[in-house]
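Student: Pasting in a structure now, in structure tokens, and then I'll have a few things to ask.
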Amino acid sequence: MKLRPSLFAVAAVGVMALGAGGWIYRDQLSSQATGRVDTQARMRQVLQAFQLDPNLASQARTFNGSIQIGNGSVSVRLDEQTGQLVSVSRSRDFYANYPYKPEGPHVVRSEGDAKAVMAAFIRDAGVEMESYEFEGFKTLEGEEATQAASGHVRKIYTARFVERKSDPRFEATASRSGSIVVDGQTGLILRFSSIILPPAAPWELNIDEARAKEIALDVWQQSGANIEPSMVRIHAKYVSTGSSKKILPEDRLIPGYVLGASSDADSWHCFAIIDGRSGKVMQNSCHIPSRMRGE
């Protein structure tokens, strides 16, 4: 495996292009696929963005709803239905071929360099987002870095990316997020993971906020919680019917209500997601934090 000579140049261009405006990226994106996609082409795209031979795509196999490659060089998972990238990481060959040399030159020397490399991978790997920001950026060395680099000593940079939608109905449960790790010495992505999202169904609410609150209060009461209606926070948003790791053909983002309630640290904390079309409770939880701590 050879490094692309232009890698640092790409990083430098990314840093200069953003200037002082903050790390927010906006691209012209194609619409999300709603059916079968050319997963072979998608696999080649991801491998090339990961700076590996795209012909490795011929090794891809279908397993449990995903298209996967797993060998000494790389581990890749794509969602079978949509072709979205679930995860990609380097395997043992990389660490054998590029042993860490603390005193050697480092391609990535700053937070700006690292974020530009991350942004270039997200773009080149075809991870579709309207816009996104990096959060929780860290520069790691020593034991913490070794754990994050699959047990290998490296200097690394890590961050979470969080999609920002202009339509508030797609916030939180219907936006993409994930993590990304960059090797400081080679400037290569070590690991990437992301939630995946099904296509959106038409926006049609058949129950109103008042009815959604009644449903949530009822299920919370069954958990033993005594919540006053005035304490309930509610937002109408798209919510996913599927897993963040596997999309079934019938899965969609559907209109729903996200509800939460709490008064203070030692009171009931309750959360629920309700299908806005049928009133079905999709998720529900209630607990008192102090009880969870054993107090």
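Student: Quick one: pull the percentage of alpha-carbon pairs in the range 209-292 with a separation above 22 Å.
Tutor: 29
Student: So if I take the centroid of the Cα atoms in the range 154-171 and the same for the range 184-242, what is the distance between those two points in Å?
Tutor: With the range 154-171 and the range 184-242 each reduced to a Cα centre, they are spaced 18 Å.
Student: ³J(HN,Hα) across the range 187-202 via Karplus (A = 6.51, B = -1.76, C = 1.60, θ = phi - 60°), whole Hz, x for Gly/Pro?
Tutor: x, 9, 5, 8, 7, 9, 9, 8, 6, 10, 10, x, x, 8, 7, x
Student: Please arrange LEU190, LEU56 by counting, for each residue, the other beta carbons lying within 10 Å of its beta carbon, fewest first.
Tutor: Ranked by crowding around the Cβ, least crowded first: LEU56, LEU190.
Student: What pairs in LYS115/LYS155; LYS245/LYS280; LYS213/LYS245; LYS155/LYS246; LYS213/LYS237 have C-alpha atoms more than 24 Å from each other?
Tutor: Correct reply: LYS213/LYS245; LYS155/LYS246.
Student: Once the Cα gyration tensor of the range 119-248 is diagonalised, what are the square roots of 5 times its eigenvalues, in whole Å and ordered largest first, as equivalent ellipsoid semi-axes?
Tutor: Values: eigenvalues 288, 76, 31 Å².
In descending order, the three semi-axes are 38, 19, 12 Å.
Student: For the range 37-177, taking Cα atoms only, what is the radius of gyration to one decimal and the Dmax to the nearest whole Å?
Tutor: Calculated on Cα positions, Rg and Dmax stand at 16.4, 49 Å.
Readers should treat all values here as calculations from the given coordinates under stated rules, not as data from a laboratory. Please read these numbers as outputs of a predicted model, since none were measured by experiment. Because the Cβ atoms are built from the backbone with ideal geometry, glycine has one as well, and the counts that use them run over all protein chains shown.
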